[in-house]
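For reference, the structure is listed below as C-alpha cells.
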Amino acid sequence: MPTARYQAVADGVFCIETGLYRDGLAACYLIREQDRLAFVDTGTAHTLPGLLGVIDDLGLTPAHVDYVIPTHVHLDHAGGAGVLMAACPNATLVAHPKGAPHLIDPSKLTAGATAVYGEDAFARDFGALVAVPESRAIAAEDGQTFDLAGRRLTFIHTPGHANHHGCIHDAGSKGLFTGDTFGISYREFDTAAGPWLFAPTTPVAFDPDAWPQSLERMLAFAPGAAFLTHYCRIDEPARHVERLRRSINDMAAIALAQADQPQAERKDRIKDAITAHLLADARAHGCTLSDARMTELLAVDLELNAQGLDVWLKRQEKRGGA
Ligand SMILES: [Zn+2]
C-alpha cells in the first residue's frame, strides 16, 4: 500500500490529501463509525491508492465502505467516484439528483472537463472517468438521512457554487462537510485574524442569488466545524460566513463591471480584476506572503473563477438580466 497522507480532524473524521496539483489544495474525507466507513468527496482517479491506504491503516478493507458521497460532480470532488465505487463492493453512491446521472454516465463530464482544462491536462490531472452502475446509486433528496452504523448523515441541497451541490451534516462530529459551498480557505492564508475565505465561481452554474440561502440552511445546523474540500477544518463557521457572503457579492460585482464590455478577452480582464481583488483582500486580512506566492497558490482558482464569471455573465446577458 502507498503511504497515505491524512489526519484525524474530529471524532471519527479523517481529512485525506488527494494530491491534486499541490499539497493543501484539495482534500477528501473518511468518516468512521465502528467498522463502517463513508467517503465524502473522492479526489480524482489518481487518489484511489491513497484512499485504499487509509482504509488499510485503519485495519479495515474496502468491503467496510457503506457510502461514497461526492458533494458535487466537479472533478476535484467526484473524479474518483467511479474507480472508488468499483473498489468498494458494498458501497452505495449518494449524490445530488442533478449530479448522480453524470456519474452513472460520465460522458458529459468528460466533455465538459476537456473543454475547461484541455485534453492533455485532463488526462494528466484527473485520469479517466469510470461509470457508476445505476443500481448502486442514490439520488439524495434534500434532507435525506443515511445511517452509518447508527451515526446519522444528512444530505442537504446547497446550490450557489453549483446547482448539483449538496452538503452533508454529520451528527457524530456535529460538523458539516461543505464541499465548495463554504468557500475556499487555504491554510497558507491563515493569520492572527483566523482563516481567510473566498467564493469559488467555477463554471458553469455559479448562482450568487441562491448561495446565501444555502449558507442559511447550513448554519441552521449550528455546526461546530466546517470540513472544506479546499482545505480541511474550520472551527465555528458561523463566525466566518460574513466574509464569504461578501466574497460572493464581490465576485458578482467584478463580473457585472464587465457587462457592457466587448466579450473578446473579457475573461482575461475579469481574471486580472479577481487577482487584484483577492490579493488586496488577503493583505487586508494580514497575509504577509509575497504577491508572487499568493498568485501561485491561487493560480487554479483565479483561472476557474474568471471562466465561471464569464459564463455567468453570458447567461445573464441571454436572459437580458445584465
Ligand atoms: Zn472544488
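Out of (1) assigned to a loop (DSSP other than H, G, I, E, B); (2) farther than 23 Å from ASP147 by Cβ, what's the single condition that is false for THR114?
The number of the failed condition is (1).
In region 169-196, what count of residues is obtained for those that are closer than 19 Å to ASP301 by Cβ, within 16 Å of the ligand (Cβ to nearest atom) and part of a strand (DSSP E or B)?
3
When the residues of region 57-111 are narrowed to those that are acidic (Asp, Glu) and either part of a loop (DSSP other than H, G, I, E, B) or within 22 Å of THR145 (Cα to Cα) (or both), which ends up farthest from the ligand (Cβ to nearest atom)?
Checked region 57-111; the qualifying residue farthest from the ligand (Cβ to nearest atom) is ASP66.
Determine whether LEU148 is more than 15 Å from the chain's Cα centre (by Cα) and touching a residue at least 40 places away in the same chain (Cβ under 8 Å).
It is true that LEU148 is more than 15 Å from the chain's Cα centre (by Cα) and touching a residue at least 40 places away in the same chain (Cβ under 8 Å).
Residue-wise test of (1) over 25 Å from ALA27 (Cβ atoms); (2) modelled with pLDDT under 95; (3) touching a strand residue (DSSP E or B) at 6+ places or on another chain (Cβ under 6 Å).
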{"residue": "ILE69", "(1), (2), (3)": "no, no, yes"}
{"residue": "LEU84", "(1), (2), (3)": "no, no, yes"}
{"residue": "ALA95", "(1), (2), (3)": "no, no, no"}
{"residue": "GLY99", "(1), (2), (3)": "no, no, no"}
{"residue": "LEU109", "(1), (2), (3)": "no, yes, no"}
{"residue": "VAL130", "(1), (2), (3)": "no, no, no"}
{"residue": "PRO133", "(1), (2), (3)": "yes, no, no"}
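Taking region 3-50, which residues are within 14 Å of PRO70 (Cβ to Cβ) and of a type in the set (Lys, Arg)?
none
Quick one: is PHE122 in contact (Cβ under 8 Å) with a residue 60 or more places away in the chain, within 19 Å of the chain's Cα centre (by Cα), in the same structural domain as VAL68 (by TED's automatic domain parsing) and within 16 Å of the ligand (Cβ to nearest atom)?
no
Part of a helix (DSSP H, G or I), over 17 Å from the mean Cα position of the chain (by Cα) and more than 12 Å from the ligand (Cβ to nearest atom): is that true of GLY50 in this structure?
Against the criterion (part of a helix (DSSP H, G or I), over 17 Å from the mean Cα position of the chain (by Cα) and more than 12 Å from the ligand (Cβ to nearest atom)), GLY50 qualifies.
Kindly evaluate ALA253 against the criterion of being assigned to a helix (DSSP H, G or I), over 30 Å from LYS318 (Cα atoms) and without any contact (Cβ under 8 Å) to a residue 60 or more places away in the chain.
No, not satisfied.
Going through ALA259, ALA171 one at a time, which residue ends up being among the aliphatic types (A, V, I, L, M) and either surrounded by 17 or more Cβ atoms within 10 Å (Cβ to Cβ) or without any contact (Cβ under 8 Å) to a residue 24 or more places away in the chain (or both)?
ALA171
For region 18-41, how many residues meet the condition of being in a loop (DSSP other than H, G, I, E, B) and within 12 Å of the ligand (Cβ to nearest atom)?
Number of matching residues: 6.
Hey, could you check region 137-168 for residues that are of a type in the set (S, T, N, Q) and assigned to a loop (DSSP other than H, G, I, E, B) and say which is surrounded by the fewest Cβ atoms within 10 Å (Cβ to Cβ)?
The selected residue is ASN163.
Just for region 233-248: of the residues that are in a helix (DSSP H, G or I) and within 16 Å of the ligand (Cβ to nearest atom), which one is farthest from LEU302 (Cα to Cα)?
Filtering region 233-248 for residues that are in a helix (DSSP H, G or I) and within 16 Å of the ligand (Cβ to nearest atom), the one farthest from LEU302 (Cα to Cα) comes out as LEU244.
Given ARG124, ARG152, which one is closer than 30 Å to LEU309 by Cβ and charged (D, E, K, R)?
Residue meeting the stated conditions: ARG124.
Which of the residues spanning region 207-232 are part of a loop (DSSP other than H, G, I, E, B) and more than 13 Å from the chain's Cα centre (by Cα)?
Those that are part of a loop (DSSP other than H, G, I, E, B) and more than 13 Å from the chain's Cα centre (by Cα): ASP207, PRO208, ASP209, ALA210, ALA220, PHE221, ALA222, PRO223, GLY224.
Which number in (1) more than 17 Å from THR191 (Cα to Cα); (2) more than 16 Å from the ligand (Cβ to nearest atom); (3) within 20 Å of the chain's Cα centre (by Cα) marks the one condition that MET251 misses?
(2)
The values are calculated or read from the model by the stated rules, or taken from the named source; none is laboratory data. In this text, all values refer to a predicted model and were calculated from it rather than measured experimentally. Here the Cβ is made from the backbone with ideal geometry for all residues, glycine too, and neighbour counts use every protein chain on show.
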